[in-house]
1. Sort largest first and round to whole Å: the equivalent ellipsoid semi-axes of the stretch 168-232, each the square root of five times a Cα gyration tensor eigenvalue.
2. Can you give the % of DSSP beta bridges in the chain that are antiparallel, to the nearest 5?
3. Residues of the stretch 191-223 with backbone nitrogen within less than 17 Å of a virtual label 7 Å along the Cα-to-Cβ line of LYS248, please, listed as ranges.
4. Per residue and in cubic angstrom, what volume does the convex hull of the Cα atoms of the stretch 45-182 have?
5. May I ask you to list the chymotrypsin sites (Phe, Trp or Tyr not before Pro) in the stretch 296-381 that are in a DSSP loop and have at most 11 other Cβ atoms within 10 Å of their Cβ?
6. Mind listing the phi-derived Karplus ³J(HN,Hα) values for the stretch 320-335, rounded to whole Hz, using 6.51, -1.76 and 1.60 with θ = phi - 60°, and x for any glycine or proline?
7. Averaged per residue, what accessible area in Å² does the chain show with a 1.4 Å probe, protein chains only?
8. What area, in nm² and to one decimal, does the C-alpha convex hull of the stretch 264-381 cast on average over all directions?
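The values are calculated or read from the model by the stated rules, or taken from the named source; none is laboratory data. Note that the coordinates shown come from a computational prediction; the quantities given were computed from them, not determined experimentally. Glycine gets a Cβ as well: all are built from the backbone with ideal geometry, and neighbour counts include every protein chain shown. These area figures cover heavy atoms from the full protein model, side chains too; ligands, DNA and RNA do not enter into them. Shrake-Rupley method; radii C 1.70, N 1.55, O 1.52, S 1.80 Å.
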Amino acid sequence: MKSSEFSLNGRAVENLIRQTLKKHPSPVMIIRRSVLLRQYRRFLTHLPQITPYYAIKANPHPEILKVFARLGAHFDVASAHEMNLVLSLGVPPHRLIFANTIKSIEDIQAAYRRRVRLMTFDNEPELYKIAKHAPGTRVLARIKVENVGSVVELSLKFGADPEHAVFLLRKAKSLGLRPEGVSFHVGSQCTRIENYVQALEISSAIFRETREEGLTLNVLDIGGGFPIRHFDHENHTCFELLARTVRKEAARLFDQKTRIIAEPGRFLVGPAGVLVTQVVGRTFRNNKNYYYLNDGIYGDFSGIVFDHCKYELKTLRRGQKFLSTVAGPTCDSFDTISLSEELPELDVGSVVYAKNIGAYSSASAVQSFNGFAPAKIVMTD
Ligand SMILES: *Cc1c(COP(=O)(O)O)cnc(C)c1O
């Protein structure tokens, strides 16, 4: 399955980096349009019955949104600001889902004004807000499901107890809303297929129970979580295998009329990003090489903290490798990228880069802590 990850071979990446540095100073985040396209197609190929809504929190850069908008994609937005970003590109409002279960009244009103009529919720007070400020909205009850084994846990903060879902959907109806289905998120970078299987089973039980009460649901939102490879030699469950199971279970548990949607973020944009940094300082200390890069934890390596992510640091140098510490440019010890990288001898100006870093990186970077700006995003084919 390795070939299906579509990673450029080493030499091609290195050429791309050299070409880019001729035109742009580092740090620079290269986003490859061809990879965005391939990931999108890969999703459609392996989950042909499921409509993907790109979760723009993974990377909301307008040029990335434009690529997906041109493909006719759907979008998952979590705030009025994200909604406006997508709508301003000419995406029709019916292609958006407002998938934050906790929304401010102002944001609900904005959605109503802008005709975004599909939302998730996971509690009763939220229903009162939606019913009052966006009457008639189509709503999906987000339920809490197992996030075991996923790198980022998303069920601590969100999701109604499944036993409560039928009550909530009935309540939505009584308030004049249109209860249409169920949504869940198995946790981000989910490599445990069982999470999806269990969540699908729980959802189908809710569909059955509501039907018995005379309420027919027709939308199932399976959220995000689809994993990518961050390291070249990682060997976890691949997307294709996961997709096959999801396809089979969805066909077994839901009837043909159920519209199934998903909210992939990382999967669509992660593999498209190559972050290129350079060494700005070096020393030898504690028997180790110390390298200071011009991007760090406050910038495009913020995913190390917020996304619990690890990246494979690479260089353009060959030669014997030594244990090294790699840190960012700010005056904060916390700004340490790695205490134990095996790297060849590097100098000031040497390139250090990471692949598969397009998601949850620039999106959560601080704009100018200590005066250091995150990497400029450069789109390439
Ligand atoms: C973050 C998020 C996503 C995207 O998750 P990935 O793991 O990046 O695919 C989808 N839906 C919701 C509600 C989210 O919060």
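1. Details: eigenvalues 183, 31, 10 Å².
Each semi-axis is the square root of five times an eigenvalue, giving 30, 12, 7 Å.
2. Values: 26 of 61 bridges.
Roughly 45 percent of the beta bridges in the chain run antiparallel, per DSSP.
3. Inside the label zone: 192-201.
4. Values: hull volume 16.8 nm³, N = 138.
Each residue corresponds to 122 Å³ of Cα convex hull volume.
5. On the way: sites: TYR298, PHE301, PHE306, TYR311, PHE322, PHE334, TYR353, TYR360, PHE369, PHE372; in loops: TYR298, PHE301, TYR311, PHE334, TYR360, PHE372.
In loop regions of the stretch 296-381 (DSSP not H, G, I, E or B), the sparsely surrounded chymotrypsin sites (Phe, Trp or Tyr not before Pro) are PHE334.
6. 4, 9, 10, 5, 9, 9, 10, 10, x, x, 7, 8, 9, 4, 4, 7
7. Numbers: 16530 Å² over 381 residues.
Per-residue value: 43 Å².
8. Numbers: hull surface 30.2 nm².
That works out to 7.6 nm², a quarter of the Cα hull's surface.
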